Amino acid sequence: MSEWLSPASLDEIARERAKYPPEQARSALLAALRIAQADHGYLPEPLIEHVAEILGVPAIQAFEVATFYTMYDLQPVGKHQFCVCGSVSCFLNDSDGILAHLQERLGIGIGETTADGLFTIKEVECLGACKDAPLMQLGDRYIENLTPDSIDALITKLRTGG
């Protein structure tokens, strides 16, 4: 029994690992870290080391993956993560203004989480939906054509459980 992961997560990691030949265990790292993060909420160093141990890869390889990709959270984050695109198209369509509005409205900075644990603000690289800029990712969906008013409505909806 893992002190870090549920039996269901361990089984899911084992299924991901089984997709690759023994000498290619590293290929399962992205999926295994995603599963671990979903189970634990974020990826503290001991959990990253644990995932590496489960897969039988050097811990440094797991740290390289976890620290390279912005989809992995190395610190606790809010229930709702506002991942605002900061790439060229979004920037030209005022993503900086959207970030400033979020920071003012929530009283936190980029990379910070509200005291109630509900919201975290992140600036991320291109989300690949330039025609609908500015946009952000919230969970597994994109919120496009952002305005301060649409941000305010979204925050209200999320605070009320909508």
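The values are calculated or read from the model by the stated rules, or taken from the named source; none is laboratory data. It should be emphasised that the depicted structure is a prediction, and the values quoted were computed from it without experimental measurement. In this analysis, Cβ positions are derived from the backbone assuming ideal geometry, glycine residues included, and neighbour counts consider all displayed protein chains.
Mind telling me which of the residues 75, 81 ends up being closer than 30 Å to residue 147 by Cα, at pLDDT below 95 and crowded, with 17+ Cβ neighbours inside 10 Å?
On the way: 75 fails: crowded, with 17+ Cβ neighbours inside 10 Å.
After ruling out the rest, the residue left standing is 81.
Consider residue 91 against the criteria (1) out of contact with any helix residue (DSSP H, G or I) (no Cβ under 7 Å at 6 or more places or on another chain); (2) aromatic (Phe, Trp, Tyr); (3) not assigned by TED's automatic domain parsing to the domain that holds residue 134: it satisfies all of them except one. Which criterion is unmet?
Answer for residue 91: the failing condition is (3).
Are there any pairs with C-beta distances below 7 angstrom linking a residue in region 61-83 that is among the charged types (D, E, K, R) to a residue that is part of a loop (DSSP other than H, G, I, E, B), with the two at least 6 apart or on different chains, and if so which?
Close Cβ pairs (under 7 Å, with a partner that is part of a loop (DSSP other than H, G, I, E, B)) amount to 73/42; 73/43; 79/117; 79/118.
Within the bounds of region 54-61, is there any residue that is in a loop (DSSP other than H, G, I, E, B) and at positive phi? Can you show your working first?
So the first thing to find is which residues in region 54-61 are in a loop (DSSP other than H, G, I, E, B), and the list is 56-58.
If we keep only those that are at positive phi too, we end up with 56.
So far as region 54-61 goes, yes, one or more of its residues are in a loop (DSSP other than H, G, I, E, B) and at positive phi.
So which strands (runs of 3 or more DSSP E) are wholly in region 101-149 and hold at least 1 residues that are surrounded by fewer than 13 Cβ atoms within 10 Å (Cβ to Cβ) and free of Cβ contacts under 8 Å to residues at least 12 places away in the same chain?
On the way: elements: 119-124, 136-138, 141-143.
Correct list: 141-143.
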